[in-house]
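Note sheet for the following structure.
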């Protein structure tokens with residue numbers, strides 16, 4: 001009986017959220033954020049990452065509020081988004097570790113003067129400028145992978161190309177970016193700029 005009342009109340013809140021009701025959003029956040037945090041920390045192991053994931057999930061809920069289905073489980077919807085974000089997080093981490101293992105240690109040698117003159121924002125801007133100059137298809141695939149966090153399989157399906165083609169385009173884009181940044185003594189920050197922002 002109590003569970004049935006809670007479900008009806010949740011359905012009502014989801015309907016209100018669908019109509020952009022901020023108070024309904026706040027109530028749903030209050031009701032689920034701590035449970036979602038507990039779920040996330042089991043995977044991510046740090047409080048800051050788990051908190052960030054909860055925020056990302058609810059940002060996604062708000063952005064997609066008009067497509068919510070009040071008759072379907074809101075809890076299942078939340079946890080599906082959370083799992084997708086966790087998968088994306090680990091994919092990014094795996095790619096980052098793979099990239100670091102491929103870097104030559106000489107890429108990290110900089111004198112203190114160069115190091116002092118660098119700032120992350122300028123590196124990000126430089127990478128954006130390099131990516132913007134990539135051939136259109138390579139640029140599209142690279143952005144879907146790095147900015148949208150999509151897997152090679154998802155990109156391949158979306159663009160109707162093979163997974164191998166996607167991987168080759170991403171690898172080629174990374175090589176171009178790395179070569180340019182190495183020439184400009186910025187390679188040491190490529191890892192941070194591509195994977196930690």
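The values are calculated or read from the model by the stated rules, or taken from the named source; none is laboratory data. Keep in mind the model is a prediction, meaning the values are calculated, not measured. Reconstructed Cβ throughout: ideal geometry from the backbone, glycine too, with neighbour counts over all protein chains shown.
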Kindly indicate whether residue 48 is at negative phi, in a helix (DSSP H, G or I) and at pLDDT below 60.
no
Between a residue in the range 35-54 that is under 17 Å from residue 75 (Cβ atoms) and any residue that is exposed (fewer than 11 other Cβ atoms within 10 Å of the Cβ), which pairs come within a Cβ distance under 6 Å, given they are 6 or more apart or on different chains?
none
Quick check on the range 63-83. Is at least one of its residues assigned to a helix (DSSP H, G or I), in contact with a helix residue (DSSP H, G or I) (Cβ under 8 Å, 6 or more places away or on another chain), at pLDDT below 85 and surrounded by 12 or more Cβ atoms within 10 Å (Cβ to Cβ)?
no
Condition check for residue 121: farther than 30 Å from residue 41 by Cα and either modelled with pLDDT under 85 or under 20 Å from the mean Cα position of the chain (by Cα) (or both)
no
Checklist (1) under 14 Å from the mean Cα position of the chain (by Cα); (2) modelled with pLDDT of 85 or more applied to residue 86, failing item:
(2)
For the range 124-142, what are the residues that are modelled with pLDDT of 80 or more, surrounded by fewer than 16 Cβ atoms within 10 Å (Cβ to Cβ) and assigned to a helix (DSSP H, G or I)?
128, 129, 132, 136, 137, 140
Hey, does the range 179-194 have a residue that's outside any loop (DSSP other than H, G, I, E, B), at pLDDT 75 or above and farther than 29 Å from residue 45 by Cα?
yes
So which residues in the range 147-157 are assigned to a helix (DSSP H, G or I) and buried (at least 19 other Cβ atoms within 10 Å of the Cβ), if there are any at all?
152, 155
